[in-house]
Amino acid sequence: MSLEKNINIVLIDDHKLFREGVKRILEFEPSFQVVAEGDDGVMAAQLVKEYNPDVVLMDINMPTMNGVQATAELVRNFPNSKVIILSIHDDESYVTHALKTGAQGYLLKEMDSNSLIEAIKVVSEGGSYLHPKVTHNLVQEYRRLAKESVAVGLGSRVEYHRPLHLLTKRECEVLQLLADGKSNRAVAEALYISEKTVKNHVSNILQKMNVNDRTQAVVSAIRKGWVEVL
């Protein structure tokens with residue numbers, strides 16, 4: 001008997017074929033239940049009010065009311081429901097806009113099933129989750145801005161050093177791979193450890209660094225010179 005908490009999900013996307021594909025993936029996870037589906041942001045608010053889901057998977061581009069507008073409404077009126085944006089856009093501006101609106105996750109529609117399942121579990125527990133490619137793009141944008149600051153004399157280049165005063169050697173390795181945009185699965189494969197062990201390392205890193213999610217951890221690590229940047 002599984003001890004995992006059941007997670008109720010509302011799926012909002014105006015492409016029925018895509019919705020069916022996502023639903024089929026979610027049905028393989030015993031703790032997941034898709035309680036309702038809709039095809040625009042207006043319907044999202046109605047369904048969340050009726051079903052009070054744990055997680056809302058929300059397409060960003062929809063008629064009538066887009067995903068970002070719908071997310072703002074849900075966050076304002078139904079704070080217990082956590083939103084993960086589904087998008088084809090990996091541009092930093094889309095991501096930051098969605099996150100500022102209140103979304104707790106951002107996934108690209110090119111995601112694999114493992115990323116989708118991991119994102120739902122992380123967000124349902126109060127964490128944040130970004131698609132690895134999105135994390136990579138945000139980090140690249142931060143690096144670009146940092147280099148520009150150095151070039152115009154607004155900052156100074158930070159020397160790389162592992163934070164062994166705070167993290168274990170293994171946690172430093174995990175942090176570096178997160179900065180490289182690796183998913184938990186990719187980190188596990190790179191270090192020859194299980195995904196469960198990776199999740200434990202990530203949790204420890206976030207706690208020790210006093211940040212809420214992996215993106216904050218990576219940006220903070222870059223700023224402090226704790227990871228190598230190319």
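The values are calculated or read from the model by the stated rules, or taken from the named source; none is laboratory data. Quick caveat, the model's predicted, so the values are computed rather than measured. Reconstructed Cβ throughout: ideal geometry from the backbone, glycine too, with neighbour counts over all protein chains shown. These accessible areas exclude ligands, DNA and RNA; they are computed on the full protein's heavy atoms, side chains included. Shrake-Rupley method; radii C 1.70, N 1.55, O 1.52, S 1.80 Å.
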*Filter region 26-82 down to residues that are of a type in the set (Asp, Glu) and touching a residue at least 24 places away in the same chain (Cβ under 8 Å) and give me whichever is least open to solvent (accessible area, probe 1.4 Å).*
Asp59
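Here's the yes/no breakdown for (1) at pLDDT 85 or above; (2) among the aromatic types (Phe, Trp, Tyr); (3) farther than 30 Å from Ala44 by Cβ; (4) not in a helix (DSSP H, G or I):
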| residue | (1), (2), (3), (4) |
| --- | --- |
| Ala72 | yes, no, no, no |
| Thr96 | no, no, no, no |
| Leu116 | yes, no, no, no |
| Lys121 | yes, no, no, no |
| Leu138 | no, no, no, no |
| Tyr142 | no, yes, yes, no |
| Gly155 | no, no, yes, yes |
| Glu159 | no, no, yes, yes |
| Arg170 | yes, no, yes, no |
*Condition broken by Gln104, with the remaining ones in (1) under 23 Å from Asn212 (Cβ atoms); (2) open to solvent by less than 40 Å² (accessible area, probe 1.4 Å) satisfied*: (2)
*farther than 20 Å from Glu125 by Cα and either under 20 Å from the mean Cα position of the chain (by Cα) or surrounded by 16 or more Cβ atoms within 10 Å (Cβ to Cβ) (or both), is that true of Val198?*
no
_I need the full set of residues from region 182-205 which are without any contact (Cβ under 8 Å) to a residue 12 or more places away in the chain, among the hydrophobic types (A, V, I, L, M, F, W, C) and farther than 17 Å from Ser113 by Cβ, in order please._
Ile193
*Search result, residues across region 29-67 that are part of a helix (DSSP H, G or I) and hydroxyl-bearing (Ser, Thr, Tyr)*: Tyr51
